[in-house]
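Data first, discussion second: the structure below is written as structure tokens.
The values are calculated or read from the model by the stated rules, or taken from the named source; none is laboratory data. Here the structure is a predicted model, which is why all the values come from computation and not from measurement. Every residue, glycine among them, receives a Cβ derived from its backbone with ideal geometry; neighbour counts consider all protein chains shown. Accessible surface is based on the protein model in full, side chains and every heavy atom, while ligands, DNA and RNA are left aside. Shrake-Rupley method; radii C 1.70, N 1.55, O 1.52, S 1.80 Å.
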Number of protein chains: 4
Amino acid sequence: MKEYILLIDTIDEKGLVYNVSKILFANHLNIEQNAEFVDKNSNKFFMRSIISGELNPDILLKELKEVLPKESTIKINLKSKKDIVILATKESHVLGDLLIRYNSGELDANIKAVIANHDYLRDLVEKFDIPFHCISADDMEREAHEDLVIEKIKEYSPDIIVLAKYMRILTPKFVENFPKQVLNIHHSFLPAFIGANPYKQAHHRGVKIIGATAHYVTDDLDEGPIIAQDVLRVDHTYSWEDMRRAGRNVEKVVLSNALQLLLEDKVFVFGNKTVIL
Amino acid sequence: MKEYILLIDTIDEKGLVYNVSKILFANHLNIEQNAEFVDKNSNKFFMRSIISGELNPDILLKELKEVLPKESTIKINLKSKKDIVILATKESHVLGDLLIRYNSGELDANIKAVIANHDYLRDLVEKFDIPFHCISADDMEREAHEDLVIEKIKEYSPDIIVLAKYMRILTPKFVENFPKQVLNIHHSFLPAFIGANPYKQAHHRGVKIIGATAHYVTDDLDEGPIIAQDVLRVDHTYSWEDMRRAGRNVEKVVLSNALQLLLEDKVFVFGNKTVIL
Amino acid sequence: MKEYILLIDTIDEKGLVYNVSKILFANHLNIEQNAEFVDKNSNKFFMRSIISGELNPDILLKELKEVLPKESTIKINLKSKKDIVILATKESHVLGDLLIRYNSGELDANIKAVIANHDYLRDLVEKFDIPFHCISADDMEREAHEDLVIEKIKEYSPDIIVLAKYMRILTPKFVENFPKQVLNIHHSFLPAFIGANPYKQAHHRGVKIIGATAHYVTDDLDEGPIIAQDVLRVDHTYSWEDMRRAGRNVEKVVLSNALQLLLEDKVFVFGNKTVIL
Amino acid sequence: MKEYILLIDTIDEKGLVYNVSKILFANHLNIEQNAEFVDKNSNKFFMRSIISGELNPDILLKELKEVLPKESTIKINLKSKKDIVILATKESHVLGDLLIRYNSGELDANIKAVIANHDYLRDLVEKFDIPFHCISADDMEREAHEDLVIEKIKEYSPDIIVLAKYMRILTPKFVENFPKQVLNIHHSFLPAFIGANPYKQAHHRGVKIIGATAHYVTDDLDEGPIIAQDVLRVDHTYSWEDMRRAGRNVEKVVLSNALQLLLEDKVFVFGNKTVIL
């Protein structure tokens, strides 16, 4: 039997669960998993259900719209593999981790292509029979280069764009083109150490714990909604290069966990935060 | 407006959420929080809702019973402070932590009494104006001593009995008297190091991480359903006494977290496991 | 046999370990524990040894000075209990934790007094027969109030001053009076969320991990050398008050760990960082 | 200038540090890093120094032997890349992680070959131009198969043999052939869940934290000296397959950290424990 993911993001009011469950019941659908969250301060309601049975998404959507508040966002996604495009620069640890998972079938997604602004990673990517496109930024304006990247991404119509240590700053135009689709890994425990070389900053500050943060990309650099974070203990014996080496493990695990959440449609964006159901 | 916690533990079947939410809606009740879990393997359904409004628990229970499977366990608890009795021996760190939280109002419970098999902790407990009963086990059979303890506990009719480093083994009779009411903290990362002196065992095995486990007490020593666990890194410089000292922080935090879950009615027991909603 | 802690903070050069160990050997002293650290970038050398035997600290110091670089800082401390004075305001969790440890003998220090700018915690402190001084800041200039606090602290000549959620900002004068003696607990994972109400800031930013930081107090608020940090996972269901409640466990454990390091003379300050041997 | 790692494992006695540092000083050698540990219970002394300068290892060894207790184990290793051989079966996550690190230069070792008892991973390994040998165990006695594996390993004279999810039990003969050279990753937080399918065991026990353990292989299955451990939180929503998937991240990070320690000669074996300097 086919499985669908029902996602509802709306204003909280009495009877929401009743109204939704009534329609699902009337359509003879099973609720395989169900999670809800009400944010009292903002009076928002979020719901994610895995439902199974015979259904026509358009008809179900229409029925749900009739009983839910007007401002509701409702999605019914067939449970299936999503397409992703990866952007990288020179560092291979996050990209390599994705490739190994992809190769073993553990990553439940199709990697359609890898795009980089340098050619260093071509050899690695092509080992796995994935298209690699080098779009050099040499002698180009930022906007012109980015336009080429946007164009190349669009050829693959990905559901998610993963910045796997892509070391270039994106313009608002990029974000506009792929709203809530761009996942980044920042190599610090945000909001500590925003910007360039967080490991050097962390070393200079003498912290005893370092971390990594996976977040949606928005117009504000390193300020997008946080999806996942993790940390690692360090001590005075770590140079900043030691921190960077140790931090790579955290970076790839955090990115991998965040991507898994996106692949399972578990993340709602809510202001500058995420609700994960 | 009064708040109630609705707890349902039943067999999964189509329409459960619909049926429950229909009754809540018909009674003009608000769902303030809602969480469900379906265990596919065992076909079990668990639900915890915080509901608000005017309600008669007996009538609501009757209405819910009519639409839920016969084998269902349904509880409707008024949200209010629970009564607890603490059992201790000589060690003060877990007990002391509870007393400090109680004193500041952070522990949302009434500590009715502390019962111990030694008199060491009397001075500490009485500082906080809590009844302290020393029931010595000297020159007594295990059963006879335990009978006195059971009797004393029953005088206070507690909702929860907290073993705060109570170093005596309980008989099945004790557990029978207080089913799913007895919370213990074991000073290891169970199931590693069951039994006596886990820190010595951990030191001898040369582990790099130690932990603590809060669990319900059942007839099998250290085998009851686990509610919360946490860990701490150690290294070769730790003697077993160092591990014990460092471990105390984990013990008290884990017990405190587990107790908080019980006080909020968040824990379902399911076979030898817990579901925490 | 008496035990001493030898602390050396100097410029690295060839033969340091040889020169120090030669003198210890010539004096028939045992090295019970030894740890060194060389910071290559700054060419600094740190050493902490626990030594036992019959020794005259003044003579040993003189002998060590002769073989070590001129700029060396050398200390020989008899291993013994240190005196501490605690400053607090209204919150009791960190203070209470220290009191419980003190009461059980686990805290290897003498709490000489608690000083607070409110009278809320008097009852708690006096339960443990520790002098409590309320020095109200009402209707006073910051400097005048602080002068009274400094004066009161000095009556007790403490080795360490612990800010156990003391919610007032200290002036440079305070820090000058007690250089490298003031330990603070900040309720965030510094350098994230400097300043007031870090839990509100953390909640607003939507972080998935919160933390606490114990650090030496310097003239720059929340910028002193970090001694210990720890973290805790949170999620979208946490209000900022939930974060605060959960964070309290981390605060008290981190402060307790940092204080333990100070009591054992394990912390060297090095620029704005710490070396922990 | 060349760097060497000096490793001393001996009985503790007065003057050890003095005697060793005297010889290093007399030989005009720099101590770049130094760490010692004394185990009071067993009266054992461990020392690891990174030394630089012009030296003849044989002569230095002779000089050190003269001043150290007879039973001392002394090693002087030129700091250089070690050779490793990897054994695997079908699972690719740990192997793949090593390959990606190797490919990027992050793994400071030479992977000489991968040997497996199935042919599944050939394609992956050969992408990285590393020899892959499938030695099938079909229709063979355990000992006969193992003899072939031992023989093949010996062709490469590796310093370290990494069991990257090699799912066969090794005989004492294997261990004898490669004493203190075989590193295994066990997919549980040892000593919990020894033996087959630890994730199923963990799921059945209802633990709230799972882990992984890297250890030296000895004759007792899963009982060898532990080198590194790490953990991961799980909850009631995890099936055992979910635990396995989540656990893979921990497995590869723990193995990677343990291997790094071996590559830097930081691990001493001491009874059934490790001292890590």
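Can you return the lysines within cross-link range of B:LYS273? Criterion is Cα-Cα under 21 Å, with same-chain partners fewer than 8 residues away left out.
By straight Cα distance, B:LYS273 reaches B:LYS40, B:LYS44, B:LYS75, B:LYS180, D:LYS200, D:LYS208.
Report the charge-dipole magnitude of the range C:3-78 in Debye, nearest 20, computed about the Cα centre from +1 at each Lys and Arg Cβ and -1 at each Asp and Glu Cβ.
180 debye
Normalised by the residues of the range D:1-100, what does the relative contact order come to in percent, with Cα pairs under 8 Å and at least six apart?
Value for the range D:1-100: 39 percent.
Starting with the highest mean, order D:162-168, B:198-204 by the number of other Cβ atoms within 10 Å, averaged over the residues of each peptide.
Values: D:162-168: 21.7, B:198-204: 20.0.
My ranking of the peptides, most packed first, is D:162-168, B:198-204.
Per residue of D:213-226, count partner chain C-beta atoms within 10 Å of its C-beta, then hand back the mean as an integer.
Taking all residues of D:213-226 together, the mean is 1.
Just tell me how shielded A:87-100 is by partners: mean number of partner chain Cβ atoms within 10 Å of each residue's Cβ, no decimals.
Numbers: counts 0, 0, 0, 1, 2, 6, 5, 1, 2, 8, 6, 1, 3, 11.
Per residue, the number of nearby Cβ atoms from other chains is 3 on average.
Using the Cα atoms of the protein assembly as shown to build a convex hull, what is its mean projected area in square nanometres?
48.6 nm²
Among A:LYS81/D:LYS90; C:LYS79/D:LYS2; A:LYS65/B:LYS2; C:LYS14/D:LYS79, which pairs are too far apart, with a Cα-Cα distance over 29 Å?
Table pairs above 29 Å Cα-Cα are C:LYS79/D:LYS2; A:LYS65/B:LYS2.
Given H placed on each backbone N at 1.01 Å, which residues far from A:ALA113 in sequence or on other chains put an amide H within less than 5 Å of it?
A:ILE86
With θ set to phi - 60° and the Karplus curve 6.51 cos²θ - 1.76 cosθ + 1.60, what are the ³J(HN,Hα) couplings of the range C:191-200 in order, to the nearest whole Hz, using x for Gly and Pro?
Each residue's phi maps through the Karplus curve to give x, 6, 6, 5, x, 6, 6, x, 5, 5 Hz.
Cβ neighbours within 10 Å, averaged per peptide: list B:222-231, A:205-214 in order, most packed at the top.
Taking the mean over residues of other Cβ atoms within 10 Å, the ranking is A:205-214, B:222-231.
List the residues whose amide H sits under 5 Å from the amide H of C:SER188, counting only those 5 or more places along or on another chain, with H placed 1.01 Å from N in the peptide plane.
Those qualifying (amide H under 5 Å, at least 5 residues apart or on another chain) are C:THR213.
To the nearest 100 Å², how much accessible surface do chains D and B hide from each other in total, with a 1.4 Å probe?
2700 Å²
At 1.4 Å probe radius, can you tell me the per residue accessible area of the range A:3-78 in Å²?
Spelled out: the 1.4 Å probe surface of the range A:3-78, per residue, equals 47 Å².
Ranked highest first by the average count of other Cβ atoms within 10 Å around their residues, in what order do A:44-51, A:152-159 fall?
Details: A:44-51: 20.9, A:152-159: 15.9.
So the peptides A:44-51, A:152-159, ranked by packing, come out A:44-51, A:152-159.
Find the relative contact order for chain C and round it to a whole percent, using C-alpha pairs within less than 8 Å whose residues are 6+ positions apart.
Once normalised by length, the contact order is 15 percent.
Taking the Cα centre as origin and putting +1 on Lys and Arg beta-carbons and -1 on Asp and Glu beta-carbons, what dipole magnitude results for the range B:82-276, to the nearest 20 debye? Walk me through the numbers before you get to the answer.
Numbers: 23 positive and 30 negative charges, 142 e Å.
Computed about the Cα centre, the dipole is about 680 debye.
Take the Cα pairs of chain C, get the Kirkwood Rh, then feed it into Stokes-Einstein at 37 °C and 0.692 mPa s and tell me D in µm²/s.
Value of D from the Cα-based Kirkwood radius: 161 µm²/s.
Report the relative contact order of the range A:93-174, percent, no decimals, based on alpha-carbon pairs under 8 angstrom and at least 6 residues apart.
With pairs under 8 Å counted, the relative contact order is 26 percent.
With the crude spin-label approximation of a point 7 Å out along Cα→Cβ, what separation in nm comes out for A:ARG205 versus C:SER136?
For A:ARG205 paired with C:SER136, the spin-label model returns 3.9 nm.
Could you pull out every residue, at least 5 positions away or on a different chain, whose amide H is within less than 5 Å of the one on B:ILE209? Hs are placed 1.01 Å off N in the peptide plane, and Pro or chain starts have none.
When sequence neighbours closer than 5 places are left aside, the close amide H contacts are B:VAL234.
Enter the accessible area per residue of the range A:97-160 (Å², integer; probe 1.4 Å; all protein chains in place).
Ligands and nucleic acids excluded, the result is 47 Å² per residue.
Of the heavy-atom accessible surface of chain B (probe 1.4 angstrom), what whole percent is carbon and sulfur?
In chain B, the share of accessible area belonging to carbon and sulfur is 47 percent.
Lys/Arg Cβ at +1, Asp/Glu Cβ at -1, dipole of chain C taken about the Cα centre: which of C:GLY195, C:ASN19, C:VAL162 is farthest positive-ward?
Ranked along the dipole, the leading option is C:ASN19.
By the scheme Lys and Arg +1, Asp and Glu -1, what is the net charge of all other residues having a beta-carbon under 13 Å from that of B:ILE185?
So the surrounding residues net to -2.
Taking each residue of C:20-32 in turn, how many C-beta atoms of other protein chains fall within 10 Å of its C-beta, and what is the average? List each step's numbers first, then the result.
Working: counts 3, 8, 7, 1, 4, 7, 2, 0, 2, 1, 5, 9, 3.
Mean partner shielding for this stretch: 4.
Kindly write out, for the range B:55-71 in residue order, the coupling ³J(HN,Hα) from the Karplus curve 6.51 cos²θ - 1.76 cosθ + 1.60 (θ = phi - 60°), rounded to whole Hz, with x marking Gly and Pro.
In residue order, the calculated couplings are 8, 9, x, 5, 5, 4, 4, 4, 5, 5, 4, 5, 9, 9, x, 4, 7 Hz.
Summing +1 for each Lys or Arg and -1 for each Asp or Glu, what net charge is found among the other residues whose Cβ lies under 9 Å from the Cβ of A:HIS93?
Net charge in that neighbourhood comes out at 0.
Between the range A:53-109 and the range C:81-141, what is the C-alpha centre distance in whole Å?
55 Å
Quick one: net charge of D:PHE132's neighbours, Cβ under 12 Å, K/R +1, D/E -1? All intermediate terms of the calculation are to be shown ahead of the outcome.
On the way: positive: D:LYS112, D:ARG122, D:LYS127, D:LYS152; negative: D:ASP119, D:ASP123, D:GLU126, D:ASP129.
Charge balance near D:PHE132 sits at 0.
Separation between the C:SER72 and D:LEU78 pseudo-spin-labels, each 7 Å from Cα along Cα→Cβ, expressed in nm?
With each label point 7 Å from Cα toward Cβ, the separation is 3.6 nm.
Provide the descending list of Cα extents for the range A:36-169 along its principal axes, expressed in whole angstroms.
55, 36, 28
Which whole-Hz ³J(HN,Hα) couplings does the range C:261-271 yield from phi under the Karplus relation 6.51 cos²θ - 1.76 cosθ + 1.60, θ = phi - 60°, glycine and proline marked x?
Residue by residue, the range C:261-271 yields 4, 5, 5, 9, 6, 9, 10, 9, 9, 8, x Hz.
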